[in-house]
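First comes the structure, then the notes that go with it.
What follows draws every value from the coordinates through simple rules; no lab data is involved. This is a predicted model, so every value here is computed, not measured. Glycine also receives a Cβ, built like all others from the backbone with ideal geometry; neighbour counts cover every protein chain displayed.
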Amino acid sequence: METNGRHIYTDLPDIKIDTAIRSKYHAGFPRTTQPDTLVIHASAGPNPVVWVRDAAKYKNPREHLYYKGIALFNYDIEMDSGEIIEVIDPANFVHANNAGKAEERCISIEMEHLTNNETPFQDIQYDSLFKLCNVLIGMFGITRVASHNFIKKTYTNKTKVCPGPGFDWNRVQSYLDSRQLNYVRVEEAFLNIRVKTAVV
Ligand SMILES: [Zn+2]
């Protein structure tokens with residue numbers, strides 16, 4: 001599978017592709033299967049891209065993990081501007097979701113949150129998130145949209161406040177409804193999403 005950079009974003013012209021993190025640390029691992037899961041995270045701190053890119057400067061304790069392709073993410077969505085930044089090409093996966101062997105099924109989307117993931121995200125971030133979902137659902141056989149917390153619980157039986165109580169899952173439901181996608185909602189997850197079969 002090859003996404004070749006920008007061409008998947010023809011309907012999303014404002015996306016920014018960051019090549020600094022992938023060239024400095026790790027470009028991710030090639031997938032051997034199509035991703036089917038979008039995993040929503042939140043950063044619990046400002047500027048996750050800068051926090052990772054300039055890790056030494058900020059004494060970021062995870063720096064050593066980034067070189068191993070751990071704790072990176074495919075996308076970041078900025079809080080003030082709603083800008084979408086591709087950090088790791090979605091053709092590749094990173095160990096970001098505590099999903100074990102299912103990591104390569106996951107595309108990780110980090111929502112910037114300036115503090116603790118407890119207060120609301122911005123409307124413009126949801127707008128960007130759903131534009132990105134349109135592209136990724138169109139491009140891949142996505143069947144799940146879930147929180148990091150849900151994925152971590154599913155695969156490790158442990159929890160994490162990610163993306164946390166500030167994230168409004170009803171908005172995801174409205175988005176899926178607007179796309180006429182069918183799903184089963186379980187806690188912070190939408191499973192088996194697929195286009196409604198036309199009734200004739
Ligand atoms: Zn997370």
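Multiply the residue gap between ASN134 and THR33 by 0.36 nm, knock off their C-alpha separation, and tell me the result in nm, one decimal place. Could the numbers behind the result be given before it?
Working: separation 101, 0.36 × 101 = 36.36 nm, distance 2.01 nm.
Result for the pair: 34.4 nm of gain on full extension.
Average projected area of the Cα convex hull of region 2-195, in nm²? Could you put the intermediate results ahead of the total?
Working: hull surface 40.1 nm².
Orientation-averaged projected area of the Cα hull: 10.0 nm².
Taking every alpha carbon pair in region 82-178, what does the distance histogram look like in 5 angstrom bins from 0, in percent?
Values per bin, smallest distances first: 2, 12, 21, 26, 24, 13, 2.
Work out the FRET efficiency for ILE17 and ASN192 from their Cβ-Cβ distance, taking R0 = 35 Å, and round it to the nearest 0.05.
On the way: r = 31 Å, r/R0 = 0.89.
So the FRET efficiency works out to roughly 0.65.
Between LYS101 and ARG171, how high is the FRET efficiency from 1/(1 + (r/R0)^6) when r is the Cβ-Cβ distance and R₀ = 30 Å? Nearest 0.05. Could you put the intermediate results ahead of the total?
Values: r = 31 Å, r/R0 = 1.02.
Working from the Cβ atoms, E equals 0.45.
So who's got an amide H within less than 5 Å of the one on ALA96, skipping anything under 5 residues away but keeping other chains? H placed 1.01 Å off N, in plane.
Excluding prolines and chain starts, which carry no amide H, the hits are ALA71.
Given +1 on the Cβ of Lys and Arg, -1 on the Cβ of Asp and Glu, and no further charges, what dipole in debye does the chain carry about its Cα centre, rounded to the nearest 20? Could the numbers behind the result be given before it?
On the way: 23 positive and 24 negative charges, 159 e Å.
Dipole size: approximately 760 debye.
Suppose only helical runs count, i.e. DSSP H with n ≥ 4. What mean residue ellipticity at 222 nm does that imply for the chain under -39500 (n - 2.57) per run, divided by all residues and rounded to the nearest 500 deg cm²/dmol? Don't skip to the answer; put the middle values down first.
On the way: 6 runs with 51 residues, N = 200.
My calculation for the chain gives -7000 deg cm²/dmol from helical runs alone.
Using mean Cβ contacts within 10 Å as the protection proxy, how do 164-175, 106-117 order, highest first? Walk me through the numbers before you get to the answer.
Numbers: 164-175: 16.2, 106-117: 22.2.
So the order, starting with the most tightly packed, is 106-117, 164-175.
Using alpha-carbon pairs under 8 Å, 6+ residues apart, how would you state the relative contact order of the chain in percent? Mind showing how you got there, number by number?
Values: 388 pairs, mean separation 49.4, N = 200.
After rounding, I find 25 percent.
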